[in-house]
1. Out of the residues in the stretch 55-90 that are basic (Lys, Arg) and under 28 Å from Asp116 (Cβ atoms), which is surrounded by the fewest Cβ atoms within 10 Å (Cβ to Cβ)?
2. Quick test of your reading of the structure: Lys93 fulfils all but one of (1) crowded, with 19+ Cβ neighbours inside 10 Å; (2) closer than 22 Å to Leu159 by Cα; (3) basic (Lys, Arg). Name the failing condition by number.
3. Pairs needed: first member in the stretch 108-124, within 16 Å of Val137 (Cβ to Cβ); second member anywhere, of a type in the set (Phe, Trp, Tyr); C-beta distance under 7 Å; at least 6 residues apart or different chains.
4. Hey, does the stretch 44-59 have a residue that's farther than 30 Å from Asn147 by Cβ, at pLDDT below 90 and under 16 Å from the mean Cα position of the chain (by Cα)?
5. Just checking, which of Thr114, Thr142, Thr88 is closer than 29 Å to Ala32 by Cα and of a type in the set (Val, Ile, Thr)?
6. Report, by residue number, each residue of the stretch 103-118 that is touching a helix residue (DSSP H, G or I) at 6+ places or on another chain (Cβ under 6 Å) and crowded, with 20+ Cβ neighbours inside 10 Å.
7. Quick check on my filter: what residues within the stretch 57-91 are in contact with a Phe, Trp or Tyr (Cβ under 7 Å, 6 or more places away or on another chain) and charged (D, E, K, R)?
8. Restricting to the stretch 107-164, name every residue that is in a loop (DSSP other than H, G, I, E, B) and aliphatic (A, V, I, L, M).
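The values are calculated or read from the model by the stated rules, or taken from the named source; none is laboratory data. Just so you know, these numbers come straight off a predicted model, no measurement behind them. Positions of Cβ are generated from backbone atoms using ideal geometry, with glycine treated the same way; all protein chains shown enter the neighbour counts.
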Amino acid sequence: MAEATTIQDTRYKQVDRAMRKLGYEKSALIEALHVAQEVFGYLENDALSFIAAGLRLPKSKVFGVATFYKYFQLKPKGKHACVVCTGTACYIKGANKLIEAMEKKYGVKPGETTEDGEISLLTARCFGSCSLAAVAVFDKRTVGYLNEESVIAESERMLNVANA
């Protein structure tokens, strides 16, 4: 384990346990990244450095893998998430217009979180709900047949339900 501050943080202990279980082999990188994201909520710089040191890899290699795979997040997520499907059926039915409406309303681009930390706007390739296109998921609730107005209404509903 690395510095004294990380020794006191149980999250680092969980990441270290995963790396140790796999013999601190370089091939444990993706598993270690998964564990780190699970316990931290995203891959912060200190966690990436910790993994690089533990697996004896250059930080650039760890960062490269973390940024290559879309699953990994390098920034904290918002309290709420709107994930817009960008698969073929949803794209044809206006997924890009849904994204534009969310960008205009909340001032964020896909992959970003509002300054107040309330909403993250995300995209995904396909939800397998093509018959409901255009589709988005609001805090794990799938909603179909969306347009620019309804995506904003659903995002506001998500916020109001959470704050009720």
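1. Result: Lys70.
2. (2)
3. The qualifying pairs are Ile119/Tyr106; Leu121/Tyr106.
4. Here is the first cut: in the stretch 44-59, the ones farther than 30 Å from Asn147 by Cβ are 44-59.
From the residues that got through so far, the ones that are at pLDDT below 90 too are 44.
Within this subset, residues satisfying the condition of being under 16 Å from the mean Cα position of the chain (by Cα) are 44.
The answer is yes; a qualifying residue exists.
5. Among Thr114, Thr142, Thr88, only Thr114 is closer than 29 Å to Ala32 by Cα and of a type in the set (Val, Ile, Thr).
6. Answer for the stretch 103-118, where residues must be touching a helix residue (DSSP H, G or I) at 6+ places or on another chain (Cβ under 6 Å) and crowded, with 20+ Cβ neighbours inside 10 Å: there is none.
7. If the condition is that a residue be in contact with a Phe, Trp or Tyr (Cβ under 7 Å, 6 or more places away or on another chain) and charged (D, E, K, R), then Lys75, Lys77 are the ones that fit.
8. First pass over the stretch 107-164, keeping only residues in a loop (DSSP other than H, G, I, E, B): 107-111, 114-118, 125-129, 133-135, 139-140, 144-147, 164.
Scanning the stretch 107-164 gives Val108, Ala133, Ala134, Val135, Leu146, Ala164.
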